[in-house]
Every structure is written in C-alpha cells, then in structure tokens.
1. Would you calculate, for the chain, the mean residue ellipticity at 222 nm contributed by helices, counting each DSSP H stretch of 4 or more residues as -39,500 (n - 2.57) and dividing by all residues, to the nearest 500?
2. Expected output is a single nm value to one decimal: the length gained when fully extending between residue 15 and residue 46, i.e. 0.36 nm times separation in residues minus the C-alpha distance. What is it?
3. Give me the percent of Cα-Cα pairs in the chain that sit more than 20 Å apart, rounded to a whole number.
Amino acid sequence: MSILFAENLKTLRRERGVSQKTLGEAVGVTQQCVSEWEKGNMEPTLSCLWRLADFFGVSIDVLCGRREW
C-alpha cells in the first residue's frame, strides 16, 4: 500500500490546494505525520484512512490505489 497510497495522498492534497498542516488538522494528526505518509515512511491507521477518504470525498480503495478516481 505504501507507494500507491503515498503518491495518491500527495496528488489529492495538491490537486485540492490543501497544505499538509491543514490536512493534518482535518484528520487529527500533525503535519509531520502527513509528511511521513507522503514519503511512504509511515502508513495511517484504519481510522485515519476513513477520515482521509471522507475529507477528499473518495473511497479507501481509491486512496490506496486499488481503484482509480
């Protein structure tokens, strides 16, 4: 999941013009955590995945690269 998730997260965030800090605040994590997700160094918990999917209006499958948006 890491590489596709990291790329998709960064793409979705940039397409929507959202900073890492703003995204982190929206899903309840730090900017540093979002940065680590985007680098592929960490993976979010399931509850964070749900919040990210809701924030971007996509499914978890899309976020993780199982389906295209």
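Since every read-out is calculated from the coordinates, none of them should be taken as a lab result. Keep in mind that this is a model prediction, so the values were computed, not measured.
1. Rounded to the nearest 500, the figure is -19000 deg cm²/dmol.
2. Working: separation 31, 0.36 × 31 = 11.16 nm, distance 2.32 nm.
Taking 0.36 nm per residue and subtracting the Cα distance, the gain is 8.8 nm.
3. 12
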